[in-house]
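Structure, as structure tokens:
The values are calculated or read from the model by the stated rules, or taken from the named source; none is laboratory data. Please read these numbers as outputs of a predicted model, since none were measured by experiment. In this analysis, Cβ positions are derived from the backbone assuming ideal geometry, glycine residues included, and neighbour counts consider all displayed protein chains.
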Amino acid sequence: MLKTVAIVGRPNVGKSTLFNRLLGQRKAIVEDFPGVTRDRHYAEITRYDKPFLLIDTGGFEPQTADQLLCQMREQSQLAVEEADIIICLLDAREGLTAADKEIVVMLRRTEKPVLYVVNKVDGDKQEAETVDFYNLGVDSFIPLSAEHGRGIGELIDTLESLLPEQAILPEVETEVRMALIGRPNVGKSSLVNRILGYERVVANPVAGTTRDSIDTPFMFEQQRYVLIDTAGIRRKGRVSEALEKYSAIHALKAMDRAHVVLMVIDAIEGITDQDLTIAGYAYEKGRALILLVNKWDVPEKDNHTMSLFVDEVRRRCKFLPFAPLLFVSALSGQRINKIMPLVAEVAAQFNRRITTGQINQGLEEFLAKHPPSVVRGQRLKFYYATQSAVRPPTFVLFSNRPDDVHFSYERYLINCFREKFGFDKVPLRLHFRGRGKETH
């Protein structure tokens, strides 16, 4: 489970610049489909020896009546609450301010590790001028320039000294781990209670591996399931949980160990940009995803209400054509009994293995039905294919020109694999390699 690192500080001290510097270059979630938004206030940093989840925050103004600045302060407080390690960013050009002192006073109340970092130190002259920050009463600072990269190595070294080694958790091969996620107030807790109470064969909650999370094991039709992070989802923080972009932090932590993600959408509000953000992370992580539209008992309906809602979700979630969509009501119990059978079906597809013989027989059919195109005077050829992984199902296709497979032909092959081998409800990955290359 990734530890969380939050960057806090006054406005305009360079928090976003440092965030982007640590993040480095990274592709969008799904480049082929426009309209998939990602709020870049959090991201998994995997460039270094020890990965971590990084949170950017709005500027912290300790004393202000301005509504926007008050909200930014609330966001910073929530980030501090969520974080395992805190980076307090200061500005060498502006020097020590009263606001800096108040931020440090706040951070001293936490028992979490705090790294004090002085930004905009572009050279030795600016570094010599940072001595004023010792008036804050802290032992040491890390001088750096987020814009130019100076001092970033020292920050990473210090940060990694505080991060634990990534433990490989033992996994029960036969259990299905599911996470129920979504924005605040969409009815997650009510759905959790409905799901766990349905069979009434729920073990006592056992402490999970992360702060504030609980794994709840239960049985459904002789299959063991584990519902992840219900405590983190239910817990009321000391500051406002209505700040929606930070609700995704819970989702990210829950997704780390989940196989099947149940994303709850509010039937009254419809699908939002925040829903797309969370769904995009699930897609990027290769998780199986079920979309649950909760509170379906509330909207007034006619013969077209459901089909219009489905069309809107599919239009905005073009990158998730495989994700099943189920309309439920935690309050009235409408279609609640369909959730676990659907989870079981999705989990079965997610873990399905196809024999190499079946795969190559299917590949011959696909190629005969729609032969690959000629690229620069040479026809694209596929020699054979094999399944390299499950969760998600992943196939390796060996070709004479693996780099020249057009995305449209890849999409055709994916659709063929889905239809032929019964992968219509889960993500599916194809990798193209030249002959003689390893399959891992």
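General observations
- Remark: GLY333 falls outside the filter, which requires a residue to be closer than 27 Å to PRO217 by Cα, out of contact with any Ser or Thr (no Cβ under 7 Å at 6 or more places or on another chain), touching a residue at least 40 places away in the same chain (Cβ under 8 Å) and surrounded by 16 or more Cβ atoms within 10 Å (Cβ to Cβ).
- Scan segment 98-116 for residues that are of a type outside the set (D, E, K, R) and farther than 14 Å from GLY137 by Cα and the total you get is 3.
- Any hit, segment 368-380, residues being within 30 Å of VAL261 (Cβ to Cβ) and without any contact (Cβ under 8 Å) to a residue 40 or more places away in the chain: no
- Taken together, the residues in segment 422-440 that are within 20 Å of LYS369 (Cβ to Cβ) and surrounded by fewer than 19 Cβ atoms within 10 Å (Cβ to Cβ) amount to 3.
- Residue that is surrounded by the fewest Cβ atoms within 10 Å (Cβ to Cβ) [pool: residues in segment 137-154 that are assigned to a helix (DSSP H, G or I) and without any contact (Cβ under 8 Å) to a residue 60 or more places away in the chain]: GLY153
- Criterion violated by ASP311 - all others in (1) outside the structural domain of GLN274 (by TED's automatic domain parsing); (2) of a type in the set (D, E, K, R); (3) at negative phi; (4) exposed (fewer than 12 other Cβ atoms within 10 Å of the Cβ) satisfied: (1)
- Of all residues in segment 175-185, one or more are touching a helix residue (DSSP H, G or I) at 6+ places or on another chain (Cβ under 8 Å), in a loop (DSSP other than H, G, I, E, B) and under 30 Å from VAL343 (Cα atoms).
Yes/no matrix, rows are residues, columns are (1) assigned to a loop (DSSP other than H, G, I, E, B); (2) more than 29 Å from ARG177 (Cβ to Cβ):
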residue	(1), (2)
MET263	no, no
GLN274	no, no
ILE278	no, no
LEU289	no, no
PRO299	yes, yes
ASN303	yes, yes
MET306	no, yes
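- Set LEU292, LEU326: member being modelled with pLDDT of 95 or more, more than 21 Å from the chain's Cα centre (by Cα) and under 23 Å from ARG391 (Cβ atoms): LEU326
- Segment 79-92, residues that are part of a loop (DSSP other than H, G, I, E, B) and closer than 15 Å to PHE141 by Cα: ALA92
- Looking across GLU160, GLU221, GLU165, one residue alone is of a type outside the set (Ser, Thr, Tyr) and either at pLDDT below 80 or touching a helix residue (DSSP H, G or I) at 6+ places or on another chain (Cβ under 8 Å) (or both). It is GLU221.
- When segment 370-393 is filtered for residues that are outside any loop (DSSP other than H, G, I, E, B) and touching a helix residue (DSSP H, G or I) at 6+ places or on another chain (Cβ under 8 Å), the ones remaining, listed by number, are VAL375, PHE382, TYR384, ALA385, THR386, GLN387.
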